[in-house]
1. For the list (1) at pLDDT 95 or above; (2) open to solvent by 20 Å² or more (accessible area, probe 1.4 Å); (3) not polar (S, T, N, Q), I need the number of the one condition that Val427 fails.
2. Check Val130, Val169, Val134 and return the single one that is within 30 Å of Ala329 (Cβ to Cβ) and among the hydrophobic types (A, V, I, L, M, F, W, C).
3. Is it the case that Ala79 is at pLDDT 95 or above, open to solvent by less than 40 Å² (accessible area, probe 1.4 Å) and over 24 Å from Arg453 (Cβ atoms)?
4. Can you find a residue in segment 289-297 that is in a loop (DSSP other than H, G, I, E, B), under 17 Å from the mean Cα position of the chain (by Cα) and within 20 Å of Arg228 (Cβ to Cβ)?
5. Of all residues being crowded, with 22+ Cβ neighbours inside 10 Å and not hydrophobic (A, V, I, L, M, F, W, C) in segment 433-486, which is nearest to Ala261 (Cα to Cα)? Just the residue, please.
6. Can you tell me which residue is modelled with the lowest pLDDT among those in segment 49-71 that are open to solvent by 60 Å² or more (accessible area, probe 1.4 Å) and over 22 Å from Val213 (Cβ atoms)?
7. Name the residues in segment 137-169 that are surrounded by 12 or more Cβ atoms within 10 Å (Cβ to Cβ) and within 16 Å of Ala79 (Cα to Cα), would you?
8. So, in segment 388-407, how many residues would count as being open to solvent by less than 20 Å² (accessible area, probe 1.4 Å) and under 16 Å from Thr373 (Cβ atoms)?
Amino acid sequence: MATESQNSQERVWTVEADPATQDIDDIELHEYDRSAVAKFLFAFALGGFFFLLPIPWQGEVTVPFDVAVDAIVAAFPNAVGVYVFGIIVAGGLLTTLAELDRRGVLSLGVDLSAFESSTVFWLLRVAGAVVAPVMFLHLESIGGYDIGWLWAPGIGEFMWSTLIYSVGVIIPLGAVFVTIFVELGGLEFVGTLTRPLMRPLFGLPGRAALDSVASWVGSYSVGLYVTRNVFERGGYHKRDVFTIATCFSTVSIGFVGVVAATVGMLDIFPVIFLAYFVSVVVCGVILVRVPPISRIPEEYIAEPDPEIPFSGSPVDYLRFALSEAAAQAQEGDSFRSAATRGFVDGLRLTSLVLGTILAVGLAAVLVSAYTPTFDILGAPLVPVIDALGIPNPETVAPATIVGITEMYVPVLLVDGAEPMARFFVAVLAISQLIFFSSVGPMTMDMFRDVPIRFRDLVALFALRTAILVPLVAAMTHLVAALGLLG
């Protein structure tokens, strides 16, 4: 039974008691025809091909989604530059108009509620809109003041032409295929089959596996889009969202390959990916049971649609999953409608988060590059890294901390270090998950109604690092003992 209440200025729902566990005989399976099954299977295969099918590409193993994003950015860099510049400026302008309308300063007669934000994120989006022309025009001076330092390696060009370009393309493109997959039965199918694992391990509904898979094979941007979509439909409560966003908004398979190549270990890519997978699972199992995650209320922002607990044989689960998926496909949109809606939603989300990513991300990498902040913060970890038997501790320790700015920065710091040090930092950096060049501000901006706060993300980064340092060190020694590090 769901109960509606008023929390601050927000309508929320809670579920007073978990539904009773059912078996296959208790459930009234949906009736569906062959066309519904065909529709679901085609959508499932399309999503699986785009996000899951491993293919060789330019000496790496990746997925078609990653290839498509790279191909668009590489083939049309000028067009992508104009697009991301325009959408960042539009996001800042529309947010400003929405806030002025909400505060009664002016009346537009247009519904801009989707662009309303907190004061902090309003200012961040405006800051992004102010910085965007500087990045777009590649300005090296403003009013006679030299800003050439902005374009040092790994700073301005990395943020603009690599990160902002990629995220700007990833979100709307991924939203098209994710919406097709979700609306035509994929969410129900994957969610039903993964219930026996997700609930006991992570306290999450089975459908959360789709968000995780979307991040693994596509991008954390796509995974967060799925999470937001399901949250708004009552499929997740706030703790579910907080858990998924902070524990399962993982980097993609393609990016793991990029990191492996950067540290010169692409030949052991499967080993790095396996260590990464183990790290994410172990952190998830632990962190969902401690604050701040355990303190988040189980409140819904829409009429709750909790999963019904189910028990049965693998065949029972498959029958149940197919019934749920086919019913959704039968009732869902057409492919064209789902794709169009996904693209429009993706563009709107991009306009909301891209300016924030630019403002916060650029600040983070500048602090990393031009101040000793992370060398100072990493100094106490030098004896810890040394005691764990990881070589080059003076280099590794700052890399352990600097990942909070951008996950790619740590692997750049260990260029030339010994193989064990490079393996350790590579796995650690991609497993820390929370970084403020992108996923941090995106998460806070997308889920203000949870809310996910800056202090929570910093605390979770510290907790993840505390768990990961000994865990990854142990795996590093194991891999070295097996002779895989040369």
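1. Just one mismatch for Val427, condition (2).
2. After applying the criteria, what remains is Val169.
3. For Ala79, the condition - at pLDDT 95 or above, open to solvent by less than 40 Å² (accessible area, probe 1.4 Å) and over 24 Å from Arg453 (Cβ atoms) - is not met.
4. No, every residue in segment 289-297 fails to be in a loop (DSSP other than H, G, I, E, B), under 17 Å from the mean Cα position of the chain (by Cα) and within 20 Å of Arg228 (Cβ to Cβ).
5. Thr476
6. So the first thing to find is which residues in segment 49-71 are open to solvent by 60 Å² or more (accessible area, probe 1.4 Å), and the list is 49, 52-54, 56-59, 61, 70.
Add one more test, that the residue is over 22 Å from Val213 (Cβ atoms), and what stays is 58-59.
Working: Gln58: 79, Gly59: 76.
Among residues in segment 49-71 that are open to solvent by 60 Å² or more (accessible area, probe 1.4 Å) and over 22 Å from Val213 (Cβ atoms), the one modelled with the lowest pLDDT is Gly59.
7. Answer for segment 137-169, where residues must be surrounded by 12 or more Cβ atoms within 10 Å (Cβ to Cβ) and within 16 Å of Ala79 (Cα to Cα): His138, Trp160, Ser161, Thr162, Leu163, Ile164, Tyr165, Ser166, Val167, Gly168, Val169.
8. Selection size over segment 388-407: 8.
The values are calculated or read from the model by the stated rules, or taken from the named source; none is laboratory data. It should be emphasised that the depicted structure is a prediction, and the values quoted were computed from it without experimental measurement. For neighbour counting, all protein chains shown are included, and Cβ atoms are generated from backbone atoms with ideal geometry for every residue, glycine included. Just the protein is used for accessible areas: all its heavy atoms, side chains included, with ligands, DNA and RNA removed. Shrake-Rupley method; radii C 1.70, N 1.55, O 1.52, S 1.80 Å.
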